[in-house]
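The values are calculated or read from the model by the stated rules, or taken from the named source; none is laboratory data. This one's a predicted model, so the numbers in the text were calculated from it and none came from an experiment. As a convention, Cβ positions derive from the backbone with ideal geometry for all residues, glycine included, and neighbour counts pool all protein chains shown. We work out accessible area using only protein heavy atoms, side chains counted, and drop any ligands, DNA or RNA first. Shrake-Rupley method; radii C 1.70, N 1.55, O 1.52, S 1.80 Å.
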Amino acid sequence: MTFADQGHNPQGVNAGAEGNGLREQDVTYNVGVILAQMLNDDPRFTARLSRNSPTESLGTSNATSLQARVSMANSWPANYFISIHCNANPNPAINGTEVYVYQSGTQSYWLAQHILNGVVAETGTRDNGVRVNPSLYVLRRTAMPAVLVELGYLTNPADAMKLRDDQRGFAQGIYDGLLSYFGFGPQSPR
């Protein structure tokens, strides 16, 4: 059972980054929906989303938005938590995909490596590695292995084009990473 958290709210509190005409919360919503469909079409998985419509907002502040996401995953209870995000940087040359975990040497770290490999292979983004960040609330407070996937940089023109035009590819990369993590082997393209 996988809980896919589409990072950020559509507007207001906990809204996401913007760059090159894209809004993080729109990209993450779409990638999450596509990923959940892929997972739910596979009898080996069951997936739920944090945001079930593009206008759904969680919480009334940044803190309560994050709490709501973690609470939904913990109360389901999910076996895996995947938080989907897009990155931004003042330097438009910075690009690539990275996956954050609470600590190294864990199932989360192993899962993160598989997801990172899947996304990079499917979309051609730069591999920025798995990174440890114990300060991230959704990684710290979930009761199951959790990863936070930064798909690419909205502020980098090449990444932004991929984030705009290949949302299915990013979802496919995460899905492929899950299949690899579980040792299922690649699926034929849908």
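Observations on the model:
- Highest-fluctuation residue, GLU24, GLU56, GLU150 considered, GNM on the chain with Cα pairs under 10 Å: GLU56
- Summed residue charge, Cβ within 15 Å of GLY183's Cβ, Lys/Arg positive, Asp/Glu negative: -1
- Whole-percent carbon and sulfur share, accessible surface of the range 37-190, 1.4 Å: 50
- With the cut-off at under 11 Å, measuring from each backbone N in the range 133-150 to a point 7 Å along the Cα-to-Cβ line of GLN103 picks out 134.
- Per-residue SASA entry for ARG23, accessible area with 1.4 Å probe, Å² rounded to 10: 80
- Dividing the convex hull volume of the alpha carbon atoms of the chain by its residue count gives 106 Å³ per residue.
- When the Cα positions of VAL13, ILE94, GLN113 are compared along the charge dipole of the chain, VAL13 comes out farthest toward the positive end, with charges on each C-beta of Lys, Arg, Asp and Glu.
- Solvent exposure of the range 26-95 as accessible area per residue, Å², 1.4 Å probe: 44
- Most mobile listed residue (GLY118, GLY169, GLY105) in the chain, GNM with C-alpha springs under 10 Å: GLY105
- Nitroxide proxy distance, nm - points 7 Å out along Cα→Cβ at GLU18 and ASN89: 2.2
- Cα-projected label distance for THR64 with SER135, points at 7 Å along beta-carbon direction, nm: 2.5
- Taking Lys and Arg as +1 and Asp and Glu as -1, the other residues whose beta-carbon sits under 11 Å from that of LEU66 total +2.
- Residue with peak Gaussian network fluctuation, the chain [Cα springs, cutoff 10 Å], from THR106, THR123, THR46: THR106
- Listed residue (ILE34, ASN156, ALA47) projecting farthest to the positive dipole end of the chain, Cβ model: ALA47
- Secondary-structure-derived ellipticity at 222 nm for the chain, considering helices only, amounts to -13000 deg cm²/dmol, per-run term -39500 (n - 2.57) for DSSP H runs with n ≥ 4.
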